[in-house]
1. Enumerate the strands (runs of 3 or more DSSP E) found wholly within the stretch B:151-223, keeping only those where 3 or more residues are within 7 Å of chain A (Cβ to nearest Cβ), within 22 Å of the chain's Cα centre (by Cα) and at pLDDT 95 or above.
2. Based on what the data block shows, is residue B:22 closer than 15 Å to residue B:89 by Cα and surrounded by 16 or more Cβ atoms within 10 Å (Cβ to Cβ)?
3. Going by the structure shown, is residue B:134 within 23 Å of residue B:233 (Cα to Cα), in contact with a strand residue (DSSP E or B) (Cβ under 7 Å, 6 or more places away or on another chain) and away from chain A (no Cβ under 11 Å)?
4. If residue B:211 meets every condition in (1) crowded, with 18+ Cβ neighbours inside 10 Å; (2) in contact (Cβ under 8 Å) with a residue 24 or more places away in the chain apart from one, which number is that one?
5. State which residue is surrounded by the most Cβ atoms within 10 Å (Cβ to Cβ) when the search covers only the stretch A:150-183 and only residues that are among the small types (Gly, Ala, Ser) and more than 17 Å from residue A:52 (Cβ to Cβ).
6. Name, by its number, the condition in (1) outside any loop (DSSP other than H, G, I, E, B); (2) surrounded by fewer than 24 Cβ atoms within 10 Å (Cβ to Cβ) that does not hold for residue A:147.
7. Can you tell me how many residues within the stretch B:108-132 are out of contact with any Asp or Glu (no Cβ under 6 Å at 6 or more places or on another chain) and assigned to a loop (DSSP other than H, G, I, E, B)?
Amino acid sequence: MASRAALLVLADGRFPAGGHAHSGGAEAAVKAGRIKDASGLEAFCRGRLHTTGLTSAALAAGAAHGLDPGELDAAADARTPSPALRAAARKLGRQMMRAARATWPCAELDALATAFPRGAHQPVVLGVAARAAGLGPEDAAHCVAYETVSGPATATVRLLSLDPFQATAVLARLAPAMDLVAEEAARAARQGVDALPAASAPLLDITAEQHASWPVRLFAS
Amino acid sequence: MDRVSLRATARIAADADGGLPLLVSDGPLALRRTRASGPYTRVTVVGAMSAPLGGDRLAVEAEARDGAGLLVDSAAATLALPGRSAEPAAYDVRITVGEDAVLRWLPEQVVSVHGSHLLMRTVVELATTARLVLREEQILGRHGEAPGTLVTRLTVRRAGRPLLDQELAFGPGAPGGWDGGAVLGGHRATGQLLVVDPAFAEKPVRPRLLGEHAAVTPLAGPAALATAVAPDALAVRRLLDTALSELAPF
């Protein structure tokens, strides 16, 4: 049986994988006035969860299930038209790899690090790390689903001085949707790379490029 | 609108000599060879009926064989309409582009009418030296109207490897948040223009913003994608036309 505590270690916001430096598109959305309050944050997070959240969760679930990480990384590239987001995903993948190899050393992580010296897409690394920790596809998908919304929520607290209680309430309201997304992601991952979802969000892709061009910004993406 | 749901598959194949060995209309999908534009053999999809309605299963198969230059456009926007069937309508597009062939796939918009439910799936297989220009535009509702449910998936493989895979889902049957600040932010029109050209391998496109809600981005392979969201169909078309003239001088 998978260790529930290992899941908490991997999902912990304090897991040293660099995620705190990224807003998941929230910084650009706050500046454009698309997130002004808790309800705007909720709509943003719900949309992100059902699009890139589902897609990334399925990639992680696939890696945790044992699908070929190289094929998953190519699938991730095809699902990430924004070069700024591809670069962010690989940078986060590199940081996740460093933390995961120290935490759960194993040959599969070593092999992935060797195959992708500049970093594989973060969800792929997370999935392999979950596997190394004895976790399954649902666990990996839950991790990704949660970080898909917790990143923007935490960032919005800093960017808007939003009440942290309200931000946490948003996350709690999204919990049933996160469960559904994680289940759907794991189900797809068990059917192989060709069955992976590709849900995408036009504004996230467009504004990631805008955000990358800002001279001064609080978050890396 | 009082008809049973239908199945129809139209087929196009173009040869390097400019011929169309296959040009098969079916049901509401009427194909016409139209006046050529430049070096391209041109085929126009003429919507002979309002389609697709709920329950319909339409498909178009298009092949630009090795060395061919094919332009496919349409005479009018595709209106997704509610049908008598509770089933969603399906519209499948299957495209193959051979070695040294060029396909320009430039249909008019898909308009998701209130109460409709359409699943569109486009699968493109490109040979290594193939070039492609492909435009898709999704308009949510006619003027001032709430949209139906529209799901579109675009999967492009080049030499058997994934190049682009994107699914968009909007409207009352889509998962929540599609109208929020991450996906459409209240806009009612969106579009994508994909240009695949092996020449981009040497000289990749630089990422570029086209105004506040549109961007041109280089993909991980030799291709560029323009993505736009806008209040209406006209504004999306203007943005994609700008990208088209920049990215696809061929």
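1. B:161-170, B:214-218
2. Details: closer than 15 Å to residue B:89 by Cα: no; surrounded by 16 or more Cβ atoms within 10 Å (Cβ to Cβ): yes.
So residue B:22 does not fit the description; no.
3. yes
4. All conditions pass for residue B:211, except number (1).
5. Within the stretch A:150-183, the match that is surrounded by the most Cβ atoms within 10 Å (Cβ to Cβ) is A:167.
6. Answer for residue A:147: the failing condition is (2).
7. 6
Conditions tested, residue by residue: (1) hydrophobic (A, V, I, L, M, F, W, C); (2) more than 14 Å from chain B (Cβ to nearest Cβ).
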| residue | (1), (2) |
| --- | --- |
| A:73 | no, no |
| A:102 | yes, yes |
| A:110 | no, yes |
| A:154 | no, yes |
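The values are calculated or read from the model by the stated rules, or taken from the named source; none is laboratory data. In this text the structure is predicted, and so the values were computed from the model without any measurement. Glycine gets a Cβ as well: all are built from the backbone with ideal geometry, and neighbour counts include every protein chain shown.
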